[in-house]
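Values quoted throughout were computed directly from the atomic coordinates according to the rules given, and no laboratory measurement underlies them. All of these numbers come straight from a predicted model, not from anything done at the bench. Counting neighbours? That spans all protein chains shown, and the Cβs are built from the backbone with ideal geometry, glycine included.
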Amino acid sequence: MQKIRTLEEQREEFAQRRLIALPIAGLIAWAVIGIGSLFLSPFAISMLLFAATGSIVYLGMFISKFTGENFLEKGKPKNTFDTLFFYSFGMSLLVFGIAIPFFQADYTSLPLTVGILTGLMWLPITWIIQHWIGVIHGVARTITVVMVWYIFPDHRFLAVSIVIVLLYVFAIAVLELRWRGLRRQA
């Protein structure tokens, strides 16, 4: 019979994870968007953004097999924070309800709205893993996406993509260093 774990034990268990599969997937998705923005029509780049950001979780599930996180592993015990994490991810997908009407009025609003709104899921990560990276990523992403959206009005898809990719590189490096430090302590 499996021992019932407290929420704190489950939070600590979740916090011991590597947590880089989804950021790698996000990095790939936004890199594809940035590259696509160099040669695709406004309609095509908009559809690419919807498809790429909508596929991050699926790409992350695939990548997790190679990072040792294996999201789909059936043998591991249930963790309440997995559910919270996926609800947070679901929350970020629901914000397409904000992005789509603005997109219909101005297609260049899409990288701004989706770039910021899908970054909101980083905030709960800070609390769950008790590490600053989630707040830094979420706040830096919001500020820099807004800045480059205004500074580069003719290249909004590219500028926003570059910012998000760079922030993902930073976050992945921080998360990886954090995880390696945890493994050394164990």
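One table, with the values for the structure above:
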| quantity | calculated |
| --- | --- |
| Between helix 96-105 and the chain: long-axis angle, C-alpha atoms, 0 to 90°, nearest 10 | 10 degrees |
| Integer Hz, Karplus 6.51/-1.76/1.60 couplings in order for region 163-168, x for Gly and Pro | 4, 5, 4, 4, 5, 5 |
| CD proxy at 222 nm, helix term only [per DSSP H run n ≥ 4: -39500 (n - 2.57); per residue of the chain; nearest 500] | -24500 deg cm²/dmol |
| Nearby lysines by direct alpha-carbon distance to Lys3 (threshold 22 angstrom, same-chain neighbours under 8 apart not counted) | Lys74, Lys76, Lys78 |
| Trypsin sites (Lys or Arg not before Pro) restricted to DSSP loop in region 47-138 with at most 10 other C-beta within 10 Å | Lys74, Lys78 |
| Sequence of Thr83, Thr113 once ranked by neighbouring C-beta atoms within 10 Å, starting from the fewest | Thr83, Thr113 |
| Matching label, mean projected area of the Cα convex hull in nm² computed from the structure shown, candidates (1) 11.0; (2) 16.1; (3) 12.5 | (1) |
| Spin-label pair Phe62/Thr80, simplified geometry with 7 Å Cα→Cβ offset, distance in nm | 3.5 nm |
| Net charge of Cβ neighbours under 13 Å - reference Gly115; Lys, Arg +1; Asp, Glu -1 | +2 |
| Contour excess over end-to-end distance, with Cα ends at Met147 and Leu94 and 0.36 nm allotted per residue | 16.7 nm |
| Neighbour cut-off at most 14 other Cβ (10 Å), DSSP loop, chymotrypsin sites (Phe, Trp or Tyr not before Pro), region 99-186 | Trp132 |
| Nearest-0.05 FRET efficiency for Met47 and Trp132, computed from C-beta distance (R0 30 Å) | 0.25 |
| Mean separation of Cα contacts under 8 Å (6+ apart) over length of the chain, as relative contact order % | 30 percent |
